[in-house]
Amino acid sequence: MSDHYHDHEELSQEVQADLERLAECLGQLHDPVSGLALDKLDAKIEVGFEAGGVFAGITLGYPCAGEEAGWRERVLTACEPLLKGGPLAGSGVQFELFSDIPANSVANAPESLCGVKNIVAVASGKGGVGKSTTAVNLALALMTEGARVGLLDADIYGPSLPTMLGTEGVRPQVKEQKCFVPVTVHGIETMSLGYLMTEDTPVVWRGPMASGALNQILTQTLWCNAKSELDYLIVDMPPGTGDIQLTLAQKTTMAGAVIVTTPQDLALKDAIKGVEMFRKVSVPVLGIVENMALHTCSKCGHSEPVFGTGGGARIAEQYSTHLLGALPLAQKIREDADSGCPSVIADPEGEIATFYRQIARRMAAGIWLNSTGDEALPEIEIS
């Protein structure tokens, strides 16, 4: 945050009054991700006047780097009427957008997780719906939006994270107290049982052994260091509703869960089981991601909903949650994941990456609203 936001000087009553009116105008602006006005959110609005110019800052509770251009345009439009006359006439406007991500409760958390602000499970009721690809791209999307992110591969029986991140054969370092150092790749901190096993070794374990393995890589990984915290730890869950899911719910305080499904009726029925499971263990369901929603032929351009339409929206409405977004059935998503360079990294300005970043912002905004409630008034600072 720029130093001039904290420079307080004597302002004339006329300038002070106009700045207060400007803050009120900014409070009426709607956050496009949550759909709520700033004066209905726990947002921070800062306005000031210095050296002949107006400066304005807005701080939101989710990573929002991709929204800065849109916010700048809205803020400049809101400021324009007050800059046509009065003491602020002719002033230029400097705008900055910030994020300050709150932490969910971490009471009784293991020491290695005390610096993790929010733990989010990405789950599905059945396999084959693109859950792991979604989890990896969501983690990377949050990172590109400005958050510090970790990614845990909790699919003990079929860890796929090393393949999708191009880290096959990598082994994490082990530091004092027998703790793993997460593998940093594409700007996020990662840990997977796949880092500790050979590629061809099957995991033939009973439930308690698998749960024990998850507990170890979750709690004995140095997710944070003395200089930084994790804003989000994304957990790629195994498909279904079994021991691993219950272990995670018991060992941590989760900020929420995202359910990945396809529009296919069978997948939707299993997705409902996932929603019900998280509700029973008091984990808020942040929303539904509908994968493989629409296929567009690369030759003729014809689009067709191969697996049906509207299923994710129906589940979201039925369970009073949100449809975070729909992703296409695209060969490029599969090719990027198989190559070890997921779509958000492979083509950061492309259409697919844009979808993932929109979903990531909506998910993170949901966590913010859950942690603060949507009736809090914004904090306003005039300087």
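The values are calculated or read from the model by the stated rules, or taken from the named source; none is laboratory data. Quick caveat: nothing in here was measured; it's all calculated off a predicted structure. Here Cβ is always computed from backbone atoms with ideal geometry, including for glycine, and neighbour counts include all displayed protein chains. In case anyone asks, the SASA skips ligands and DNA or RNA and just uses the protein heavy atoms, side chains included. Shrake-Rupley method; radii C 1.70, N 1.55, O 1.52, S 1.80 Å.
DSSP beta bridges confined to the chain are antiparallel in about 30 percent of cases. Each of residue 16 and residue 331 was given a label point 7 Å from its Cα along the Cα-to-Cβ line. The distance between the two points is 6.7 nm. A viscosity of 0.890 mPa s and a temperature of 25 °C, combined with the Kirkwood radius over C-alpha pairs in the Stokes-Einstein formula, give the chain a diffusion coefficient of 110 µm²/s.
Given a 1.4 Å probe, how much area per residue of segment 87-153 is accessible, in Å²? Walk me through the numbers on the way to the answer.
Values: 2060 Å² over 67 residues.
Spelled out: the 1.4 Å probe surface of segment 87-153, per residue, equals 31 Å².
Computed from label points 7 Å out along Cα-Cβ, the spacing between residue 65 and residue 36 is 2.6 nm. For residue 50, nonlocal amide neighbours, meaning residues 5 or more places apart or on other chains whose placed amide H falls under 5 Å from its own, are 55. Distant-in-sequence amide contacts of residue 221, defined by a placed amide H-H separation under 5 Å and a gap of 5 or more residues or a different chain, comprise 180. Here the chain is scanned for trypsin sites (Lys or Arg not before Pro) in DSSP loops (not H, G, I, E, B) that have at most 12 other Cβ atoms within 10 Å, and the longest stretch holding none of them is 85-205. Lys/Arg Cβ at +1, Asp/Glu Cβ at -1, dipole of the chain taken about the Cα centre: which of 296, 244, 136 is farthest positive-ward? Selected residue: 244.
Apply the membrane-span-like helix rule to the chain: whole DSSP H runs, Cα extent along the own long axis of at least 30 Å, mean Kyte-Doolittle hydropathy at least -0.5. List the helices found. The qualifying helices are 351-372. Under a 5 Å amide H cut-off, with hydrogens placed 1.01 Å from N, residue 98 pairs with 58, 59, 60 among residues at least 5 apart or on other chains. For the pair residue 80 and residue 341, label points projected 7 Å from Cα toward Cβ lie 4.1 nm apart.
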